[in-house]
Structures are given as C-alpha cells and as structure tokens.
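The values are calculated or read from the model by the stated rules, or taken from the named source; none is laboratory data. The shown structure was predicted, so the numbers you read here are calculated from the model rather than taken from an experiment. All Cβ positions, even for glycine, are placed from backbone atoms using ideal geometry, and neighbour counts span all protein chains on display. The area values use the complete protein model at the heavy-atom level, side chains included, leaving out ligands, DNA and RNA. Shrake-Rupley method; radii C 1.70, N 1.55, O 1.52, S 1.80 Å.
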Amino acid sequence: MKKVFLLSLVLLLTGCNITVLDPKSETASEQAFLITFSFWIMMIVVVTVFILFARFVWKYRYTNSRKHILPKDVKGNIKLEITWIIIPVLLLIILAVPTLAITYDQSPEWTKESEDAGIEIDVTGKQFNWLFRHRNGKEEMDKLVIPEGESIILNLRSEDVIHSFWVPELGGKVDVMPGKELTYEIKHPQRGTYQGKCAEYCGLGHTDMTFQVEVVSTQAYAQYLHQ
Amino acid sequence: MKLSVFGYELVIPTDIIAAWVSVILIGIVAGYIIIKKRKLGVVWDYMKTTNHRKIGILYLLFGIIYFFRAGVDALLIRTQLAVPNNDFWVFQGEKYNELFTTHGTLMIFFVAMPLLLGLMNIAVPLQIGAKDLAFPFLNSLGFWLFFAGSLFFNIAFFLNLTPEVGWTGYAPLSRAEFTPGAGTEFYVFGLQISGLGTIFTALNLIVTIIRHRAPGMSYTRMPLFAWASLITSFLILIAFTVLAIALYLLMFDRLFGTGFFSGDEGDPVFWQHLFWIFGHPEVYILALPAFGIFSDIISTFSKKRIFGYGTMVASIVLIGFLGFMVWVHHMFTVGLGPVVNTFFAITTMAIAIPTGIKVFNWLFTMRGGVIHFTTPMLFALGFIPSFVIGGVTGVMLSLSAADFQFHDTHFVVAHFHYVIIASTILGVFAGLYYWYPKITGYMLDEKLGKWHFWTFLIGYHITFFPMHITGLEGMPRRVYTYSEADGIFILNAISTVGAFLMGISMLFVIWNVYKTHKKKKKVSGDPWDGRTLEWTVSSPAPEHTFEPMPVIHSMDAYWYAKVKNKPLPATTNVRVKPLERDSIQPFCIAMSLFIVSTGLTFRWYWLAILGGVMLFALLILRSITDEREDFYGKSDDHA
C-alpha cells in the first residue's frame, strides 16, 4: 500500500505529462497550481499520520514479553488535542487564501454582461453533440476553433438535459444547463489541438459526446470565420 | 438472443438470461437445502420475528447478498474498462449505463445501509443495556420495508427494465421525456419504500438510546458506537426525509406531468439541491457508525480506553452538524456563483478538522497499549491510512476552482471509493468479525479472516489508486470506453486487476462462514476480552438479556470490573422491557407497498388501489388490536 503511494508520488513528481497538470491556458494553469499546491500541503498531513501510525503499531504491538502488561489508562491530553486542532486550521487557512482568490475569479455564472472584452462564442449542448456559434454567425458542429492568447468567453446552454463542457488542457468544467445560460471564461489558450468532452452523464451517447478544440493564431481564426 | 414465443419475436439480452438462470439455480439449491434440513419453520420464524438480534441478522444477510450482486456489477464495469475500445459482452452504451446505476444505488442504499443498520440493531441494545429496541414491531416493519424496496429495485433487472439515470438520478434526464421507460420508476419507488423503513429504524434507535440505557449508563459513559449510532439516526431522520420529498416530487413529474424539475417554474437544479442535501449527510450516515465501530475495536485490542473520549464525541456531533452545510460542493460547476462556491469550499474544508481529531485520537489510543492483531483490529488498522488518503483528496476536492478540473472524473471516483470503502466497508467487516460470536455463537476463523483482510486491502488500493491519475489524465466518470490515445490503458488495466483481487478476497469470506458453521465450535460470552456490556451476555445473545440488569459506574464498566476481579453490580429494579410479539403484519404492510409501487410503475392503477386498500386495512387492523393485552390483561389504565 505504501509502495503504491510512493510510486505514484514519484509519478506525480516526474509526471508533468499528466493532462490536467500540464495546462495550456491561464485558466487551467491557475487550477493546476491549486491542485499541486494542495497536494503538497496535504502530503504534510499524510506523512505525519503515516509516520505516527507505523511507529505506534510497531512499538506497541503484542509480543510475548509484553504479554502481561496492563496498559496505563490515559484519558486524553488536552494540549495534544488542541495541537491537532490548531495545526490543521492553519493548514486550511493557507489553502483557503489562493482558493478564494481563484474561485472568485473563475466561477461560472448565470449570464450577466461580462465586463471583460474577449471573443464570445455560443455553445449549445444537445444529446449528443456540441454546436459552436461564433460572433459572425458561423456555426460548426463538434469542432471549436479559437484564437490563441485571447480571452474566450463561452455562453453555454443546453437544449435538453444537463451536459458539462470540459477541455482538460484549457480549463475546468462548466455545466451546460437547459433553460439558462452560463458564462465561463478561458483565458489565454495556447496553440494546439485538444479533445473536449461531456463530463456530466447525459444518457445513451454520453461517452461519445466529444469534440475537437483547435487553438490557432489570430489570423488563422479570422480566416476561419470567413471560410 | 432472439426467442419466439406464441408467434411473438422476443429479443432477450444474454445478460438477462444469465441472471435468470443463475437466480433460478441458486433458488433451487437454497430451497432444497431449506426443505431437506426442515428449516421452513426457521424461515417462518424470521418472517414474524421482532427480536433485535434476528432482525439484525436479516439486515446483514440481505446486505451481504446485495453486496455480491453489486460487486459482480463492479467486476463487469472493470472488465469493460480493462482495455481501450473494449467490446465486452453487452456492456457498452445502455447496458453500461445500467451497470453503474445499479452498482451505485445498490452499494449505497441496499448494501452499506442494511449492513450498518444490522450491526446497530444487534450491537447497540447490547452495548447500552437495553433489552430490545424501543418499538419491536416498528423495527420489524423497518426491515421489511427495506426488503420490499430492495426487492422492487432488484426485480427491474430481471425484466430488462434497469434504471439508467445514475445513482444520483439527475433531472431532467430522470424525467419522463428523456427516460420514458419504466426503469426510472423502479429507482424512484425502490428508494422511496426502503427509505421509509430506514427512517422508522432511525426513530427506533433514537428512542432506544435515549430511553433504554442501563442504570448509570450516562451519556458520558456510553460506548462510542452507541454515540455514533445516535447521531447517525438523527442524520437519517433529516436526510432521508429530504430524499423522500425529492423522490415524491420526481414521481409526480414522471407520472402526472408536473414540472418541479424542468420548465418555466421548475428547475433541474432543485433536484440537485434536494438530492445533495440528502446525499452529503448520507456520506456521514455511512461513515459515522464505522467510526464508532473502529473506536470500540481499537480500544478493545489496544487494551486501553479511548483517548480523548470527550473530543471524540464532540467531533461526531460536529461532523454530523457540518455534514448538512456542505452539499453544494457537489455542485460547484452548476453556476451558483463565486460567493456560494467559496462559502461551501470553506465549510467543506472545516469538516477536515473534527475528522482529523478522530484520526489522531485513534493513533494515541494505540500509543502505550498492547496491540493484538486480531482480524477486526487488522481491519481497523487498515482503515486509518486508507481513510487518510481519501480524506486528503477530499480536502483537495473542496478547493472549488480545483474541483472544476476534478469534478465528475475518475479522481472523484477514486476519492469516494477511498473514503467509503475505508470507513463503511472495512468498518462493517471489522464489526462482523468482532460481533460474529455475539450474533451466531461461533467465532470466524482468524487465519482465513487475515487472508480476507490482506487480499481485500491490497486489491482495494490497486483498484482505486490509479484512478486518481486517470482522472487527472482527463477520464470522465460514467464512460464505457476510452481510446488508446488517451494514454490511460495501463492504469485502467491495473485497476481491473485490483478489482478482481477484491472479488477473490470475498471467496475467503464464503469459505470462512462455511468452515465456521461446519465446525460448530461454541465460544464463551467474552471471546475478545471485551470492555463493553455486550460481552457480559452469552453468545449468541439470548432473547432475554440483562437479567439481572447491570449497574454502570464508569465507561468500559465491564473491563474495569474484570481488572478489579469483581462482578458488575446488578439490580432487578429496571424499566419494563419493550414487549415482543411475533407478527406477520410488518411483512404484509411492506408487501402492500410493493404492490402499490408495481401498480404505479406500470400504470395499472387498479393494482395500485388494491395495494392501497390492503395497506389501510392492515394499518386499521394494527391500530385496533392491542398486543399488550395478553401481557398486562385487558384494561384501560395503561392506554
């Protein structure tokens, strides 16, 4: 069990090729930072518990020489108990600060006029396809083309059940709800081709509800719009 | 497979045929054994019983049966996911969706719940010195309602009508326009009936723990499992009521075309709120009793009293309370806005604090003790590091912006399997090995128990650890396949191997039970050198316990009496015991609800009305007969 844990720790250290931890946009970078940051803070907890656990189990195990020992009663220790209240509280406060900052910035919202200027794209999810509609009215099914380096503002809406829009390299999920429009922003995507998918179970064809994302240069995007 | 019956062409999927064949074969074997060994009387006896230990056994029996069924579902899921672009049997698309729906629903409602309620039913009265649960009739009714609901849900599969909306049943997918088949009705009514039973049992446990403790057994002397059961029962009372309301509204949406969860007035997000206001406390309903079991076991086998009893109780209460304030962390991506998301991120993080207190108190209970590595203790020891891994990923998930990435991926699958298996499943196993002598009078084989423990624990980590990484690689939940280009083949293959190792570990349990009951070696009332009151009664626990009633002067009173080598003081001046009268009525009441549900599911309203009439007739019959008459004599003064 511990071997598995250490092995994957090594994997995580060297494993910057894990999709989510190898972000291709500013939005995804902030999220990846939060994930790695919290991972290391949490490793403090894991390591502490594992060391105490291993030590106590080994040291106080039943052996023939300890057969007749009647352990002393310990009712508790108020100082120790306060210690393991205070330290976790401190760790959580450290975690909470960046979480609040990033969450405030990134949380998807029911449509309000976005103050940020950016490329607006309407996204419609329906069982089991994605329709992307650009500002000049150009539409394409299951393929999203966006320019690199810009702010991409997605207005998402579903025609039937709840779906969830997800491109792991570019950012987290945002649900696609029937009856109301949600706005989500992807900041500064990098050039490349990525796979997007539906992350909320939506019925029979859920697995196949994927789409392609192409992040291209600004000129190429302008060309694409007029194709 | 195509069949032609009376000129009709019937298409029956092969998995359904396999299920029918195996159930009929098992039925024939079981029926043969029961008749040959002349045990029909025992079956009848258990159908009428109101004794807490026997009802507990029924809960455990069916919990374990469903555990095997849901476990087979899990193995089928893992087989389909073993290699990229797999085409295993029928389990792609619809059938795969049915698989994960059944696996989740069964494991939560029909495995974890009855196993825990079974252990509470058996152990709580014995631990606090109660002679039975406060309302034996209601206890029996609670079980049979659970049974009727679980039977109803399970039958769907044999009719090829399995629900496919996921165990969360999100609207609007669960509304009739998107899942028009009868499958979702099986989900709605199955959960509704069994949930009602669960609420009754929770009420029963609350009253029992508050009113029927032994003299001197104050709240500050109560074993932690009893404490956990008390708090859990309050959680059930609130959470399952919310679930009942949600299911009720969904039923109206489906059957009668109301618009609670869609349209202009309704909103699918209402379902998510209701479901998770139930669903998150449910997680603690599953975890708290297990915490209680581990507390008792760690203390018993370290030969030391629990470290920091006061903070242990306080943290149970606090976890239960905070459990109701975090439900939106399942809904960070719904778009409730930054203020809501941050608020619920903070409350979620806060739960880590009382949970952390418990972990350290368990560790410090072992410190300075003499740790005996019995099977129940091994499960408790396996729990601590495993649960901590699941706990820290829980904190990571609570960071709402990070959760945008984690949400609905295999990372979440890994997280909740880590916490639920570590707490509930290991806890139930620990409890079963620990109280098996009290339940049956026999002790399970220790050597096989250890084999079970190690294979299960190793299999569990091999299965779920890689899922953290597949999730971060971008594998969503509830997809039946992935491509080679996703680069997650090896990790998925490892998970599948682990799942089969867990499957194999369960064979040790079957073998162990068989061997134990073949050997028939009776044990004493106190085989583990226990600390609490259940070890003062003989094994198995008799129908009439605590005569005379012990008087309690400290926590772990039995242990300190043994240390001082003095018997526990006793008294005969006690509260009247709850009256037990065998009755088949609970079974009939539950079955009449089963009939109502069948009628509503298939829109055979005459059948639903028939079931309803039956139900009311039974309720009237119950309220005009006084079962206490032949005990107290006919009189009005006790009314």
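Yes or no, residue by residue, for (1) open to solvent by less than 10 Å² (accessible area, probe 1.4 Å); (2) of a type outside the set (Phe, Trp, Tyr); (3) within 14 Å of another protein chain (Cβ to nearest Cβ):
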position	(1), (2), (3)
A:Val123	yes, yes, yes
A:Leu131	no, yes, no
A:Lys173	yes, yes, yes
A:Pro178	no, yes, yes
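Total residues in segment B:483-517 satisfying the condition of being within 11 Å of another protein chain (Cβ to nearest Cβ) and open to solvent by less than 10 Å² (accessible area, probe 1.4 Å): the figure is 2. Comparison of A:Phe53, A:Phe132, A:Phe128 shows that the only residue that is of a type in the set (Phe, Trp, Tyr) and not assigned by TED's automatic domain parsing to the domain that holds A:Met177 is A:Phe53.
Restricted to segment B:236-278, and to residues there that are more than 28 Å from A:Arg157 (Cβ to Cβ) and touching a Phe, Trp or Tyr at 6+ places or on another chain (Cβ under 6 Å), the residue that is farthest from the other protein chains (Cβ to nearest Cβ) is B:Ala239. When segment B:32-53 is filtered for residues that are open to solvent by less than 100 Å² (accessible area, probe 1.4 Å), without any contact (Cβ under 8 Å) to a residue 12 or more places away in the chain and over 18 Å from B:Ala590 (Cα atoms), the ones remaining, listed by number, are B:Ile33, B:Ile34, B:Lys39, B:Gly41, B:Val42.
Looking at B:Thr311, B:Thr300, just one residue is at the interface with chain A (Cβ under 7 Å from one of its Cβ atoms) and either among the β-branched types (Val, Ile, Thr) or touching a residue at least 60 places away in the same chain (Cβ under 8 Å) (or both), and that residue is B:Thr311. The set of residues from segment A:133-157 being open to solvent by less than 10 Å² (accessible area, probe 1.4 Å) and either among the polar types (S, T, N, Q) or within 11 Å of chain B (Cβ to nearest Cβ) (or both) comprises just one member, A:Leu156. The residue list B:Arg628, B:Arg603, B:Arg581 contains one member that is open to solvent by 40 Å² or more (accessible area, probe 1.4 Å), modelled with pLDDT of 90 or more and assigned by TED's automatic domain parsing to the domain that holds B:Asp296, which is B:Arg603.
Within segment B:531-552, the set of residues being crowded, with 22+ Cβ neighbours inside 10 Å and β-branched (Val, Ile, Thr) comprises B:Thr532, B:Ile552. Does segment B:444-453 contain any residue that is open to solvent by 10 Å² or more (accessible area, probe 1.4 Å), touching a Lys or Arg at 6+ places or on another chain (Cβ under 8 Å) and either within 10 Å of B:Thr375 (Cβ to Cβ) or within 14 Å of chain A (Cβ to nearest Cβ) (or both)? Within segment B:444-453, one or more residues are open to solvent by 10 Å² or more (accessible area, probe 1.4 Å), touching a Lys or Arg at 6+ places or on another chain (Cβ under 8 Å) and either within 10 Å of B:Thr375 (Cβ to Cβ) or within 14 Å of chain A (Cβ to nearest Cβ) (or both). With respect to B:Thr184, determine if the residue is part of a helix (DSSP H, G or I), over 21 Å from the mean Cα position of the chain (by Cα) and either among the β-branched types (Val, Ile, Thr) or not assigned by TED's automatic domain parsing to the domain that holds B:Gly104 (or both). The answer is yes for B:Thr184. Residues of segment B:166-188 that are surrounded by fewer than 24 Cβ atoms within 10 Å (Cβ to Cβ) and away from every other protein chain (no Cβ under 14 Å): B:Ala182 alone. Counting just the residues of segment A:187-215 that are aliphatic (A, V, I, L, M) and closer than 24 Å to A:Glu159 by Cβ, which one comes out farthest from the other protein chains (Cβ to nearest Cβ)? The extreme case among them is A:Val213.
Reported count of residues in segment A:52-79, each being more than 7 Å from chain B (Cβ to nearest Cβ), assigned to a helix (DSSP H, G or I) and under 42 Å from the mean Cα position of the chain (by Cα), is 6. Inspection of segment B:377-395 identifies no residue that is outside any helix (DSSP H, G or I), facing chain A (nearest Cβ under 8 Å) and either open to solvent by 10 Å² or more (accessible area, probe 1.4 Å) or at positive phi (or both). When B:Leu610, B:Leu615, B:Leu621, B:Leu593 are checked against the criterion of being without any contact (Cβ under 8 Å) to a residue 24 or more places away in the chain and not in a loop (DSSP other than H, G, I, E, B), a single residue qualifies: B:Leu610. Restricting attention to segment A:80-121, the residues that are modelled with pLDDT under 90, open to solvent by less than 50 Å² (accessible area, probe 1.4 Å), closer than 28 Å to B:Leu397 by Cα and more than 16 Å from the chain's Cα centre (by Cα) add up to 1.
Here segment B:332-357 is the region considered, the condition is being within 13 Å of A:Glu109 (Cα to Cα), more than 7 Å from chain A (Cβ to nearest Cβ) and in a helix (DSSP H, G or I), and the residue that is nearest to the chain's Cα centre (by Cα) is B:Phe332.
Looking across segment B:234-291 at every residue that is open to solvent by less than 20 Å² (accessible area, probe 1.4 Å) and among the acidic types (Asp, Glu), the one that is nearest to B:Ser386 (Cα to Cα) is identified as B:Glu282.
Could you tell me whether any residue of segment B:281-294 is under 30 Å from B:His407 (Cβ atoms), more than 10 Å from chain A (Cβ to nearest Cβ), in contact with a Lys or Arg (Cβ under 8 Å, 6 or more places away or on another chain) and part of a helix (DSSP H, G or I)? Scanning segment B:281-294, I find at least one residue that is under 30 Å from B:His407 (Cβ atoms), more than 10 Å from chain A (Cβ to nearest Cβ), in contact with a Lys or Arg (Cβ under 8 Å, 6 or more places away or on another chain) and part of a helix (DSSP H, G or I), so the answer is yes. Assessment of segment B:31-38 against the conditions (assigned to a helix (DSSP H, G or I) and within 28 Å of the chain's Cα centre (by Cα)) yields at least one matching residue. Taking every residue in segment B:84-110 that is among the acidic types (Asp, Glu) and pairing it with any residue that is surrounded by 23 or more Cβ atoms within 10 Å (Cβ to Cβ), at least 6 positions away or on another chain, the pairs with Cβ-Cβ distances below 7 Å are B:Glu94/B:Glu164; B:Glu98/B:Thr162; B:Glu98/B:Glu164.
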